Every structure is written in structure tokens, then in C-alpha cells.
Amino acid sequence: MTDLDRSTLLAELLGYVRDELATGLPPDLITADGPLLELGVLDSVRTARLLAHLRTTYGVRVPPVHMTGEHFRTLETITDLILLLRSRTASL
């Protein structure tokens, strides 16, 4: 697990969602603070793919208690969640 700053992590997530989740939306509509659920970026299948990506790329397993609309509202909130979970894992 490498150390990432927030802006780097956010940029990586933005690229992943734009390039890999195949939403059918123009990439410029997917922004760091755009509402992912309202835009239709995340559905059950894409959320599962995103969770797998977080696990393999960042070593983060998202517990069920954190699987909320609040945590997955935007790429910014997902970034904050990853940093929170990584810091908890690092302190164990």
C-alpha cells in the first residue's frame, strides 16, 4: 500500500470512473463533485466494480456500515472514505 495524497487519489479515481465504468456519459460530465447516483454513474454492477478496484488498487475493503449514499455521493466523498479506511488499517 503506497502513500497517496488526496489530490492524487481523487485524480486516479476520476480517471478510473471516466475510463473504466463505461457509463455512456460524456467524460466531462463526470466530475469530482458530481452526484454519482443522480447522474447514473453508479448502479449495483458499477458499484461492485468500483469496490473491487478499491480493494485491489488501494488495499481498502469497504465495510457494510460505510456502504451508504453519503459515502458514495461523489468522487470526493469516496476519496475521503478511502483515506479514512486506509488510516484505520495503518493504525492496526
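The values are calculated or read from the model by the stated rules, or taken from the named source; none is laboratory data. Predicted, not measured: the structure shown is a model, and the values here were computed from it. We place every Cβ from the backbone using ideal geometry, glycine too, and count neighbours over all the protein chains shown.
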Condition met for LEU25 (at pLDDT below 95 and of a type in the set (A, V, I, L, M)): yes
Residue count, region 7-30 (criterion: surrounded by 15 or more Cβ atoms within 10 Å (Cβ to Cβ) and over 24 Å from ARG86 (Cα atoms)): 3
Among the residues of region 62-91, how many are under 16 Å from GLU38 (Cα atoms) and β-branched (Val, Ile, Thr)? 4
Does region 31-54 contain any residue that is in a loop (DSSP other than H, G, I, E, B) and surrounded by fewer than 12 Cβ atoms within 10 Å (Cβ to Cβ)? yes
Could you check region 64-89 and list, in sequence order, the residues that are touching a residue at least 12 places away in the same chain (Cβ under 8 Å) and either hydroxyl-bearing (Ser, Thr, Tyr) or surrounded by fewer than 11 Cβ atoms within 10 Å (Cβ to Cβ) (or both)? THR74, THR79, THR89
Every residue in region 7-34 that is among the aliphatic types (A, V, I, L, M) and more than 11 Å from the chain's Cα centre (by Cα), please. LEU21, ALA22, LEU25, LEU29, ILE30
